[in-house]
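The next block holds one structure in the form of structure tokens; read it before the comments.
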Amino acid sequence: FPVTILPELSDRFHGRLSLLSKSDGTDLCIGCQACARVCPCDDLIQIEMHRDADKKPVIDRFTIDLGRCIFCGNCTEVCPVDCIKFLPDFELADYSREALVLDKKDLTLSGEESDQWRKQHGLAETVA
């Protein structure tokens, strides 16, 4: 009974959404909002950003409402920098709808976790 056996999931499994980061831990997202525009669920993905003094994008707010997400994968396919990806996490239930709204802190993987994900899926590491 105490032994937990996890199911084998396909690489194409659509679990929890996450944001990959660069190897140094900085944001990979460029704030283009292509994911928000292609989402069939309207205001599901919300992004607010500004440009710093060097004209580089800085993401101030990135939220995804998993309670409304239909896990279609359009956002992952359209991203020009491949920063939004599905993880194999499938236990997403919660007691309140508010807890299903994930912000940038909840979504972003560390540089090390992102590199590990890329290595598992045969993608090149992203450096600064």
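Give the residues of the range 73-110 that are part of a loop (DSSP other than H, G, I, E, B), under 17 Å from Gly122 (Cα atoms) and open to solvent by 70 Å² or more (accessible area, probe 1.4 Å), sorted by residue number. Explain how you work it out, then say what you get.
First, pick out the residues of the range 73-110 that are part of a loop (DSSP other than H, G, I, E, B): 73, 79-83, 87-97, 103, 109-110.
Applying the additional criterion that residues be under 17 Å from Gly122 (Cα atoms) yields 81-83, 87-88.
The one that is part of a loop (DSSP other than H, G, I, E, B), under 17 Å from Gly122 (Cα atoms) and open to solvent by 70 Å² or more (accessible area, probe 1.4 Å): Pro88.
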Selection status of Thr26, over 12 Å from the mean Cα position of the chain (by Cα) and either farther than 21 Å from Leu9 by Cα or buried (at least 16 other Cβ atoms within 10 Å of the Cβ) (or both): yes
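Looking at the range 95-113 only, could you name the residues that are in contact with a strand residue (DSSP E or B) (Cβ under 6 Å, 6 or more places away or on another chain) and among the basic types (Lys, Arg)?
Restricting attention to the range 95-113, the residues satisfying the condition of being in contact with a strand residue (DSSP E or B) (Cβ under 6 Å, 6 or more places away or on another chain) are 101-104, 107-109, 111.
Within the range 95-113, Lys104 is the sole residue that qualifies.
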Failed item in (1) surrounded by 15 or more Cβ atoms within 10 Å (Cβ to Cβ); (2) in contact (Cβ under 8 Å) with a residue 60 or more places away in the chain, with Ile64 passing the rest: (2)
Subset of the range 113-128 that is surrounded by 11 or more Cβ atoms within 10 Å (Cβ to Cβ) and more than 15 Å from the chain's Cα centre (by Cα) - its residue that is modelled with the highest pLDDT: Lys119
Inter-residue pairs, beta-carbon under 6 Å, first basic (Lys, Arg) and in the range 6-31, second part of a loop (DSSP other than H, G, I, E, B) and open to solvent by 70 Å² or more (accessible area, probe 1.4 Å), 6+ apart: Lys22/Ala128
Residue match in the range 45-58 (condition: without any contact (Cβ under 8 Å) to a residue 40 or more places away in the chain, open to solvent by 50 Å² or more (accessible area, probe 1.4 Å) and under 19 Å from His14 (Cα atoms)): no
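The values are calculated or read from the model by the stated rules, or taken from the named source; none is laboratory data. Remember, predicted model here, so these are calculated numbers, not experimental data. In this analysis, Cβ positions are derived from the backbone assuming ideal geometry, glycine residues included, and neighbour counts consider all displayed protein chains. Each accessible area value is taken on the protein alone, full model and side chains, heavy atoms only, with ligands, DNA and RNA left out. Shrake-Rupley method; radii C 1.70, N 1.55, O 1.52, S 1.80 Å.
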